[in-house]
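Chemist: Attaching a single structure in structure tokens format; questions to follow.
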Amino acid sequence: MRTEISFVIKTGLLFCVLSAGFSFVGMLLPERGLLPNPSGGLNLHEIGGHMLWGLVAGAVFLSARYIIITGIFAVLIDSDHLIALLHVDALSRMSHSFAFSAIAIVVLMISFGRRDYKLGAAAFAGVLSHLSFDTFAGNDGKFPLFVPFYNHQIIFPNIDWIYFEIAAIAIVGTVTLLARRKETQVQN
Ligand SMILES: [Zn+2]
């Protein structure tokens, strides 16, 4: 139990630091601009919604540890908004992107288990389910998804939330199935 809690806290902290750290790359991009005030993103409705969307995608892991970290990752990615408090010019929502997903997967797996594919899947599903709720919850479906290759916000209509969530569930489902297959192979 203790190691489970420490795993959740450590992976969550690293994910949070990575997301905040990656947002600084946005200061280097030519498309940078004044950042919107981040205080709107800190209300309970937002946090609860992101957590719920993450937990739903993570549920397919059928493992408490990975369900919980997917929910936590889905909330903590918004630490990339904190850079707005520094009053610098940057590109907003840097971590709402495939590049950040890739970095998070690689760094988390190197740090906590090179063969822990579920951890990598939790990071990716956390990002995707976060994008899903942002798209669902209002005029917020704007992400620099392909940064640093295409440094503009891509706008998604509200209805597209379902595709992000389905993608998150599909990734978790695929990795869970593959991991289970491997376990039974090892047992036989
Ligand atoms: Zn967000």
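The values are calculated or read from the model by the stated rules, or taken from the named source; none is laboratory data. The structure presented is a predicted model; accordingly, all values stated were derived computationally and were not measured. Note that we place each Cβ from the backbone using ideal geometry, even for glycine, and neighbour counts take in every protein chain shown.
Chemist: In this structure, does ILE72 turn out to be β-branched (Val, Ile, Thr), under 18 Å from SER132 (Cα atoms), crowded, with 16+ Cβ neighbours inside 10 Å and within 16 Å of the ligand (Cβ to nearest atom)?
Modeler: yes
Chemist: Of everything in region 155-177, what is within 18 Å of PHE124 (Cβ to Cβ), surrounded by fewer than 16 Cβ atoms within 10 Å (Cβ to Cβ) and in contact with a Phe, Trp or Tyr (Cβ under 7 Å, 6 or more places away or on another chain)? Give them in sequence order.
Modeler: If the condition is that a residue be within 18 Å of PHE124 (Cβ to Cβ), surrounded by fewer than 16 Cβ atoms within 10 Å (Cβ to Cβ) and in contact with a Phe, Trp or Tyr (Cβ under 7 Å, 6 or more places away or on another chain), then no residue fits.
Chemist: Within region 122-138, work out how many residues are in a helix (DSSP H, G or I) and on the phi > 0 side of the Ramachandran plot.
Modeler: Of the residues in region 122-138, the ones in a helix (DSSP H, G or I) are 122-136.
The next check asks that each one be on the phi > 0 side of the Ramachandran plot; those that pass are none.
Final tally of qualifying residues: 0.
Chemist: Tally time: how many residues in region 144-186 are assigned to a helix (DSSP H, G or I) and either in contact (Cβ under 8 Å) with a residue 40 or more places away in the chain or not basic (Lys, Arg) (or both)?
Modeler: Count: 26.
Chemist: Here are some conditions: (1) at pLDDT 95 or above; (2) within 13 Å of the ligand (Cβ to nearest atom); (3) not basic (Lys, Arg). TYR66 meets all but one. Which one does it not meet?
Modeler: (2)
Chemist: Still on this structure: Within region 1-29, which residues are outside any helix (DSSP H, G or I) and free of Cβ contacts under 8 Å to residues at least 40 places away in the same chain?
Modeler: If the condition is that a residue be outside any helix (DSSP H, G or I) and free of Cβ contacts under 8 Å to residues at least 40 places away in the same chain, then MET1, LEU28 are the ones that fit.
Chemist: Hey, among PHE112, PHE61, which residue is of a type in the set (Phe, Trp, Tyr), crowded, with 18+ Cβ neighbours inside 10 Å and at pLDDT 95 or above?
Modeler: PHE61
Chemist: What are the pairs with Cβ atoms under 7 angstrom where one residue, in region 86-107, is without any contact (Cβ under 8 Å) to a residue 40 or more places away in the chain and the other, located anywhere, is of a type outside the set (Gly, Ala, Ser) and within 11 Å of the ligand (Cβ to nearest atom)? Sequence gap at least six, or different chains.
Modeler: From residues that are without any contact (Cβ under 8 Å) to a residue 40 or more places away in the chain, the pairs are SER101/VAL127.
Chemist: Looking at region 75-109 only, could you name the residues that are within 14 Å of the ligand (Cβ to nearest atom), surrounded by fewer than 22 Cβ atoms within 10 Å (Cβ to Cβ) and assigned to a loop (DSSP other than H, G, I, E, B)?
Modeler: Of everything in region 75-109, just one residue is within 14 Å of the ligand (Cβ to nearest atom), surrounded by fewer than 22 Cβ atoms within 10 Å (Cβ to Cβ) and assigned to a loop (DSSP other than H, G, I, E, B), namely SER92.
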